[in-house]
Amino acid sequence: MDATQGLGFGHFLSQSDAVGKTLLVLLLAMSIASWVLMALKGLAQARRRRRGAAFLELFWNASTLDQVRHELQTHGAHDPFSHLAAHALHAQGHHARHGATRLADAGSASDFITRTLRKVLDEETLRMERGLTLLATVGATAPFVGLFGTVWGVYHALVAIGMSGAGTLDKVAGPVGEALIMTGLGLAVAIPAVVAYNAFTRANRVLAAQLDSFAFELHSFLTLGEAPGAATAHAQGAAGKVQALRPAAA
């Protein structure tokens, strides 16, 4: 009992060599980086969701696209949906004023708006995925870093026991058990990173699908002046379900 009273994390840390302490510092840095990133991305995601919902409410309640354009010019674009709408409206106005004077503007107005929407969607996808590589790396490597620390600690513990000549269970179990602390730390660092990575990936996938749907609707408004299927809905007497939106003046 007296031989094991001093065992624990403090004793393990005091007995660790440069390699063990380096691995411990690495795990600590990985944990801090992942938690900071999780906090920042969580706040950004909540802010993006709130601002996106506010813009979509404004967009679908607007009477004309000119009203949407004025709102964007006044308050700016601060979420993926308003960013998409701002670039699409700018593309429509640019093509109406200048036509296909460059290779980048080649094609009809519909083609030019389509290319603009695809470019913005790609930019938003890259922005949403920023930082996820760090979480994936931490989740994949932290357990192995901890396992390496355990193997290193077990090795030194067994060498010390062999040199002392005391091979009883109480002399072996304590140092080996201390070495398992590194495995536990590695798992403690990796599990939150993996959970956060999966949560952020799913949220990004849902948002990307919503952006694709909004881009399709937006393209129809800018090129046709009404939502897809609006003419059919009006013909069937369902005008209350799908409301046409007048395009902005060229």
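The values are calculated or read from the model by the stated rules, or taken from the named source; none is laboratory data. If you're wondering where the values come from, they're calculated on a predicted model, not measured in any experiment. In this analysis, Cβ positions are derived from the backbone assuming ideal geometry, glycine residues included, and neighbour counts consider all displayed protein chains.
Is there a residue being of a type in the set (Asp, Glu) and within 17 Å of residue 207 (Cβ to Cβ) anywhere in segment 71-83?
Among the residues of segment 71-83, at least one is of a type in the set (Asp, Glu) and within 17 Å of residue 207 (Cβ to Cβ), which makes the answer yes.
Every residue in segment 179-226 that is over 30 Å from residue 64 (Cα atoms) and outside any helix (DSSP H, G or I), please.
Within segment 179-226, just 180 meets the criteria.
Report the residue count in segment 55-81 for those that are exposed (fewer than 14 other Cβ atoms within 10 Å of the Cβ) and in a helix (DSSP H, G or I).
7
Of the residues that make up segment 7-21, is at least one modelled with pLDDT of 70 or more and surrounded by 18 or more Cβ atoms within 10 Å (Cβ to Cβ)?
yes
Go over the candidates 46, 88 one by one and state the one that is modelled with pLDDT of 90 or more, of a type in the set (Gly, Ala, Ser) and either touching a helix residue (DSSP H, G or I) at 6+ places or on another chain (Cβ under 8 Å) or within 30 Å of residue 139 (Cα to Cα) (or both).
Numbers: 88 fails: modelled with pLDDT of 90 or more.
Sole residue among the options that is modelled with pLDDT of 90 or more, of a type in the set (Gly, Ala, Ser) and either touching a helix residue (DSSP H, G or I) at 6+ places or on another chain (Cβ under 8 Å) or within 30 Å of residue 139 (Cα to Cα) (or both): 46.
Every residue in segment 126-145 that is within 30 Å of residue 221 (Cβ to Cβ) and surrounded by 15 or more Cβ atoms within 10 Å (Cβ to Cβ), please.
Selection gives 128 alone.
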